[in-house]
Amino acid sequence: MEIITSAFFSPQFFVVAVSTLLCLLLALLAVRSTKSPKTTDETGADASAKKKPCNCSCSCNGVVGNNHLESAESDMLEIERSTPVAPAPAVVVERGSGASMMEQLVPEITTHALSYLDYPSLCRLSMTNSLMRKAANDDNAWKALYHKDFTLEQDSVMPVHGWKAYYAATRAIVNVNAEFFNIIRERSLPAMGHFWLNADYVKCIHASGELFSGYNSVIQSWQLAFNWEQGVDFQVQDVKARVLTDMAWVTMKTYIDIDAGPFNMTNVFEFHNGRWYMVHHHSSVMLIDGEVDQQVVHA
């Protein structure tokens, strides 16, 4: 028993014990350092790598750092709001979003540009795409085209269905009025009978001053005119039309191929069953230097 006790408290025992204890401490420190994992976020990235160094001289605790980032973001937003946008990028954005050069023009410039087109070209332009249809259907463009093709006298007129519809109606009545002179050139009595409205109130006043009232009397007057051996070729100028819902009248100056002087003419039409019919025709010799030419032609 004594031998065991003395061996237990011998100097060699203490050296071994101290060495063993130091080894245990070092092993414990090594285990703790290897078991402490790096802080990662949900994506697995190293959180320490995401930490931005603090520019201040104090030791930041994270909360101060977040407030600093929020303040920087708010400052950036304020700078973006206060910084004026350059015009060139804005145009690029508009073009990229589908805006055309036509949409970027001032409406007055667009109307002026479209005024150089005739009505078939303007109609074809409206069928290209929705943007061109909007530009080509502009009421001011059709008003300018009406004044160019017809007359400036009706500048104060306010068409109920707009200037495009009014242009179309005026174009139609002008074409009907031209057909009247084609019938005279061809001396076709059936065509003239179909051209007039079959009514008792229709009237025709020829250049001779004779008045014919009623459908039958009017057609007989044209039969007499067509029986002439010499044909008549009219040159029509200064045509001006006024169109209402179911009535229209056209004034013009006419010149013929014989030496009889110019004539003033007025044709009145009514709209029935989907077409225009003539209901009144008046022809008179124009005054030349305040005097009436003595040569009068019946027609």
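With the largest listed first and rounded to whole Å, the semi-axes of the equivalent ellipsoid of the range 145-283 from the Cα gyration tensor are 27, 18, 12. Let's test the formula: R0 of 51 Å, r as the Cβ-Cβ distance of ALA113 and ASP246. What FRET efficiency results, to the nearest 0.05? About 0.90, to the nearest 0.05.
Among the listed pairs LYS134/LYS240; LYS148/LYS203; LYS203/LYS253, which are separated by more than 23 Å between their Cα atoms? Listed pairs above 23 Å: LYS134/LYS240; LYS148/LYS203. Computed 3J(HN,Hα) for the range 139-144, one whole-Hz value per residue from the Karplus formula 6.51 cos²θ - 1.76 cosθ + 1.60 where θ = phi - 60°, is 5, 5, 5, 6, 5, 5, glycine and proline marked x. Evaluating 6.51 cos²θ - 1.76 cosθ + 1.60 at θ = phi - 60° for every residue in the range 150-155, the Karplus couplings come out as 10, 8, 8, 5, 9, 5 Hz, glycine and proline recorded as x.
With 0.36 nm allotted per residue and the present C-alpha distance subtracted, the THR266-ALA199 stretch has 22.2 nm of extension available. Annotation: peptides 135-148, 173-186, ranked by per-residue average of other Cβ atoms within 10 Å with the highest first, follow the order 135-148, 173-186.
For GLU186 and CYS123, the FRET efficiency from 1/(1 + (r/R0)^6), where r spans their Cβ atoms and R0 equals 41 Å, is about 0.85.
None of the figures in this text is laboratory data; all of them are computed from the coordinates on show. This one's a predicted model, so the numbers in the text were calculated from it and none came from an experiment. Cβ atoms come from the backbone with ideal geometry, glycine included; neighbour counts cover every protein chain shown.
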